[in-house]
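Let me give you the structure first, and then I'll get to my questions.
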Amino acid sequence: MNTQTSSAAQLTDGMHIIVRSLLENGLDKMYGVVGIPVTDLARIGQAKGIRYIGMRHESDAGNAAAAEGFLTGKPGVFLTVSAPGFLNGLVPLKEATENCWPVIMISGSSERELVDLGEGDYEGLDQLNYAKPFCKAAYRIDKPEDIAVGVARAIRAAVSGRPGGVYLDVPAALLGATMDQAAAEATIYKVNNPAPAMIPSQESVTDALKLLSTAKNPLIFLGKGAAYAQCDDLIRKFIEETGIPFLPMSMAKGLLPDDHPLSAASARGLAMRTADVVMMIGARLNWMLNFGKGRHWNENVKFIQLDIDPMEIDNSRKIDAPIVGDIKSSMTLLVEGLKDIPVKASQDWQKLLDADKVKNDAKFSTRVTTVTNPMNHYNALGAVKKVFDKNPDLYLVNEGANTLDDCRDIVNMQLPRHRLDCGTWGVMGVGLEYAIGAAITTGKSVVSIHGDSAFGFDGMEVETICRYKLPVCVMVFNNGGIYRGDFPNLGDNGDPSPLTLDATAHYEKMMEAFGGKGYFATTPEEVEQFMTEAIASKKPAMINVQLSIHSGVESGHIGNLNPQPVTGPLAETNLKKASSK
Ligand code: ADP
Ligand code: TZD
Ligand code: MG
């Protein structure tokens, strides 16, 4: 026996301690792109039990991690190399922060002394300072004995209060720093109660119930914060006991089933214009809700708002009854409070909305069943709807303009947290990664529906889907362009218009290139058949859904946000725009 080695203290290094700290806290997945100086961090992670998902771009890795954060309430973790990889990761870090989803971005960085003196190190950049405006918190760990605390701070910052993105800078020197293994082990700990309940004041709950009990036409908005809070039963109980109609924001769809009798989704416009007290549960009064004012709302409407972040209250207008706390604690007190302050929505209000629902549902059902050749967004989505109705446990990822807006309106969700989309910022190029994150996190089948433009941002992740053999059915709605494919070039150089893409592209071949199954669908029947087959296979598949180049309206449902150029005979450029479906 070699006494020298057996008696010498065993050493560990920064990479092992990081992996140990993550695993101790149940963070057992990592998305990323490796290279200097983090390659061995990923390898060691994989060796020790972290599931490492190697992606094709850091932005994609960040989005996949963010999807995991939304679905689980634990921070998703992603890994990047220094400078360029780090910068690629800032976009999803900020997006996650805007969406209020917990994510931790770990980036390798280069030698401090070279960066600080600007000596031109390999991929040298003052990363910590660059990261700060893009996230909720940013930390650098400089010593191996501080790793456990650094990871703990990152976890707490990501999930406590309003969740968001956290940046963790790990310099190469730290990754390679050695330390006595037993001493390092003694530093490791599991964060105790990282997202403590934040109980609202009883007074605020009572005030809100009193206001609600005086309402003639009360309405509830459910946002993705309500979905994130994972207290689905309490929310359902409150809505069903009070009989208050509800409207889900896109990622709150399925919190209660979309076909629930109290869903006012297909009477949305009327509900917003006539509601006199509106209760916002984990939804912000931002651009998506016209900031809670203007012609879309009843001018005398009063608001109750449940949010964990006190700074959200009065963000864009007066909030009459704020409830600041976590949604689970707030809903618990609200449900209990109904015993003393009963609230019951009137039948008249429900009848008014029901009549409007019948009218609008009929309009929609005509749209989705009208046959066109080639297909349009509506009838293609009519086929998708049928498949979702039969398979309510499918996850749905969705991005694009018309492909997003029409799918949100047409395809019903039955289960909470089963829909992920462009989110608060309306971002393209998040879809394939959300699909990867959802498939890795849940092990369930995912249908990922993209406009042809949206797909182009991150299409290479099809290879990742195939490499990890994920049960993802990618669908590209190919109308040959951004919004539609028939915009003319207003000049005379013969180039495609700024909005035009290739309507004849066979996107499904990309899936075949990596060993997945490709389908080309030209009718709603084929869409339904291919989706059904793809889902049953539980293997990577892709359906190129051929639409008419005339299908779609400019900017989908938010064309009003475009600045209006001068039009008419005196205009400098004649902006002839296509606009019918
Ligand atoms: P949507 O886009 O669906 O309308 P938003 O992202 O605008 O939803 O709003 C989500 C809100 O939920 C944010 O203001 C956030 O602070 C809040 N939130 C997130 N998690 C919780 C929670 N556990 N308890 C209370 N509020 C939360
Ligand atoms: N870049 C990023 C990152 N996000 C964006 N939202 C945009 C650009 C601008 N944009 C939209 O807002 S929607 C969209 C772009 C490029 C694509 C719409 O075309 P599509 O969908 O093919 O994905 P439809 O069905 O043709 O409308
Ligand atoms: Mg398109």
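Arrange the following residues from fewest to most other Cβ atoms within 10 Å of their Cβ: 82, 107, 250. Working shown, then result.
Working: 82 26, 107 30, 250 20.
Lowest to highest Cβ neighbour count: 250, 82, 107.
What length, rounded to one decimal in nm, is gained on full extension from residue 493 through to residue 213, with 0.36 nm per residue of separation minus their alpha-carbon distance? Spell out each step's value before the answer.
Values: separation 280, 0.36 × 280 = 100.80 nm, distance 6.48 nm.
So the extension gain works out to 94.3 nm.
For the residues 418, 260, what sequence is obtained by ranking on other C-beta atoms within 10 Å, fewest first? Could you put the intermediate results ahead of the total?
Values: 418 24, 260 18.
Sorted ascending by nearby Cβ count, the order is 260, 418.
Something else about it: Once you place label points 7 Å from the Cα toward the Cβ at residue 186 and residue 287, how far apart are they in nm?
Taking the two extended label points, one gets 5.4 nm.
Turning to a different aspect of this structure: Please identify the chymotrypsin sites (Phe, Trp or Tyr not before Pro) of segment 170-259 that satisfy two criteria: DSSP loop assignment and at most 15 other Cβ atoms within 10 Å. Which are they? The partial results should precede the final answer.
Values: sites: 189, 221, 228, 238, 246; in loops: 189.
Of the chymotrypsin sites (Phe, Trp or Tyr not before Pro), the ones in loops of segment 170-259 whose Cβ has at most 15 other Cβ atoms within 10 Å are 189.
Please tell me the relative contact order of segment 52-127 in percent, rounded to the nearest whole number, where contacts are Cα pairs under 8 Å and at least six residues apart.
Numbers: 122 pairs, mean separation 23.4, N = 76.
Once divided by the residue count of segment 52-127, the mean separation gives 31 percent.
Would you mind telling me the antiparallel percentage of the DSSP bridges in the chain, rounded to 5?
Numbers: 4 of 70 bridges.
Given both bridge residues lie in the chain, the antiparallel proportion sits at roughly 5 percent.
With the contact rule set at Cα under 8 Å and sequence spacing of 6 or more, what percent relative contact order holds for the chain? Provide the component values of the computation, followed by the final result.
Details: 1290 pairs, mean separation 66.4, N = 581.
About 11 percent, as a whole number.
Another one. So what is the relative contact order for segment 246-402, in percent, with contacts set as C-alpha pairs under 8 Å and at least six apart? Before the final figure, lay out the partial values.
Working: 142 pairs, mean separation 26.9, N = 157.
It rounds to 17 percent for segment 246-402.
Moving on. Give the longest segment of the chain that steers clear of GluC sites (Glu not before Pro) in DSSP loops with at most 12 neighbouring Cβ atoms within 10 Å, not counting the sites themselves. Could you put the intermediate results ahead of the total?
Numbers: sites that count: 119, 299, 572.
Longest stretch, sites excluded: 300-571.
How big is the C-alpha Rg of the chain next to the rule-of-thumb value 2.2 N^0.38 Å, as a ratio? Walk me through the intermediate numbers first.
Numbers: Rg = 25.6 Å, N = 581, 2.2 N^0.38 = 24.7 Å.
Computed over Cα atoms of the chain, the ratio equals 1.03.
Continuing with the same structure: Cα centroids of segment 142-178 and segment 492-528: how far apart, whole angstrom?
Comparing the Cα centres of segment 142-178 and segment 492-528, I get a distance of 43 Å.
Considering only segment 12-187, what is the antiparallel percent among its DSSP beta bridges, to the nearest 5? Before the final figure, lay out each step's value.
On the way: 2 of 24 bridges.
DSSP beta bridges in segment 12-187 are roughly 10 percent antiparallel.
Right, here's the next one. Over the alpha-carbon set of segment 288-420, divide Rg by the Kirkwood Rh and report the Rg/Rh ratio to two decimals.
On the way: Rg = 19.3 Å, Rh = 18.6 Å.
Ratio of gyration radius to Kirkwood radius: 1.04.
Tell me the trypsin sites (Lys or Arg not before Pro) within segment 236-332 that lie in a loop according to DSSP and have at most 15 other beta-carbon atoms within 10 Å. Numbers along the way, then the final one.
On the way: sites: 236, 237, 253, 268, 273, 284, 293, 295, 302, 317, 318, 328; in loops: 253, 284, 293, 295, 317, 318.
Passing both the DSSP loop test and the Cβ count: 293, 295, 317, 318.
A further question follows. Given a Förster distance of 22 angstrom, what is the FRET efficiency for residue 575 paired with residue 550, based on the Cβ-Cβ distance and rounded to 0.05?
Details: r = 18 Å, r/R0 = 0.81.
Approximately 0.80, to the nearest 0.05.
Could you calculate the FRET efficiency of residue 314 with residue 538 from 1/(1 + (r/R0)^6), where r is the beta carbon distance between them and R0 is 41 Å, rounded to 0.05? It would help to have the intermediate numbers written out before the result.
Values: r = 48 Å, r/R0 = 1.18.
Here the calculated transfer efficiency is 0.25.
At R0 = 22 Å, how high is the FRET efficiency between residue 230 and residue 199 if r is their beta carbon distance? Nearest 0.05 is fine. Before the final figure, lay out the partial values.
On the way: r = 17 Å, r/R0 = 0.76.
For R0 = 22 Å, the calculated efficiency reads 0.85.
Shifting gears a bit: Over the Cα atoms of segment 202-354, what Rg and Dmax result, in angstrom?
Calculated on Cα positions, Rg and Dmax stand at 13.7, 37 Å.
Readers should treat all values here as calculations from the given coordinates under stated rules, not as data from a laboratory. The shown structure was predicted, so the numbers you read here are calculated from the model rather than taken from an experiment. Positions of Cβ are backbone-derived with ideal geometry, glycine not excepted, and every protein chain shown enters the neighbour counts.
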